[in-house]
Amino acid sequence: MRHKKVVKRETNTDPVYNSKLVAKFINNIMIAGKKTAAQKTFYNALVILESKGQVPLEAFEKAIQTVGPRVEVKARRVGGANYQVPAEVRGERKTSLAIRWIIDAAKARPSAQFHTFAEKLAAELLDVLQNQGAAIKKRDTVLRMAEANKAFAHFRW
């Protein structure tokens, strides 16, 4: 290889729950470098979860574990044709995909029903805990794609 190996930087823990997973989630919510606004939104969502009778941090971690996909499809070029080859998803990518899907699903919720993003996020996390919602639907779609393309598994590199 011609380039230097990129060193993976460690994420600092968040100030309230002392969790790296929470810090990564907050960093993904953040828009235009406004971290305090992202923190406020996330912590408000956890307060809403608590008011619904959930243990906030446990519910959040369980939601991330639930949404994280086990397999995904990757495009592989073999002899002039592109194949969607199913591949196992490793830990770091699994959590980052879960975080992304939960945030995207919360953003896509209708604004007429919810007033703040914290409410949308809390509703999505509650739906995930009940195996419902757009993030779960996304995970299932990815799983179905991998199942449908199982015939191309021998192209794995």
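Consider Thr13 carefully, then state whether it is surrounded by fewer than 17 Cβ atoms within 10 Å (Cβ to Cβ), hydroxyl-bearing (Ser, Thr, Tyr), free of Cβ contacts under 8 Å to residues at least 60 places away in the same chain and assigned to a helix (DSSP H, G or I). No. Of all residues in segment 94-103, those that are among the basic types (Lys, Arg) and surrounded by 16 or more Cβ atoms within 10 Å (Cβ to Cβ) total 1. Does segment 60-93 hold any residues that are assigned to a loop (DSSP other than H, G, I, E, B), surrounded by fewer than 17 Cβ atoms within 10 Å (Cβ to Cβ) and touching a residue at least 40 places away in the same chain (Cβ under 8 Å), and which are they? Listed by number, the list holds a single entry, Arg70. Of the residues making up segment 121-152, just one is touching a strand residue (DSSP E or B) at 6+ places or on another chain (Cβ under 7 Å) and either farther than 27 Å from Pro86 by Cβ or not in a helix (DSSP H, G or I) (or both), namely Asn149.
Anything in segment 20-59 that is over 13 Å from Ile99 (Cβ atoms), in a loop (DSSP other than H, G, I, E, B) and not β-branched (Val, Ile, Thr)? List them, or say none. Full working, then the answer.
First pass over segment 20-59, keeping only residues over 13 Å from Ile99 (Cβ atoms): 31-37, 39-41, 43-59.
Now restrict to residues that are in a loop (DSSP other than H, G, I, E, B): 31-34, 52-55.
The answer is Ala32, Gly33, Lys34, Lys52, Gly53, Gln54.
The set of residues in segment 94-119 that are of a type outside the set (A, V, I, L, M, F, W, C) and either assigned to a helix (DSSP H, G or I) or at pLDDT 95 or above (or both) comprises Lys94, Thr95, Ser96, Arg100, Asp104, Lys107, Glu119. Taking segment 114-149 as the range and being over 25 Å from Val55 (Cβ atoms) and among the polar types (S, T, N, Q) as the test, the residues that pass are Thr141, Asn149. Mind checking which pairs have a first residue in segment 105-116 that is closer than 16 Å to Thr41 by Cα and a second that is part of a loop (DSSP other than H, G, I, E, B) and modelled with pLDDT of 90 or more, Cβ under 7 Å, 6 or more apart or different chains? Qualifying pairs under 7 Å: Ala105/Gly133.
The values are calculated or read from the model by the stated rules, or taken from the named source; none is laboratory data. What you see is a predicted model; the values in this text were computed from it and never measured. All Cβ positions, even for glycine, are placed from backbone atoms using ideal geometry, and neighbour counts span all protein chains on display.
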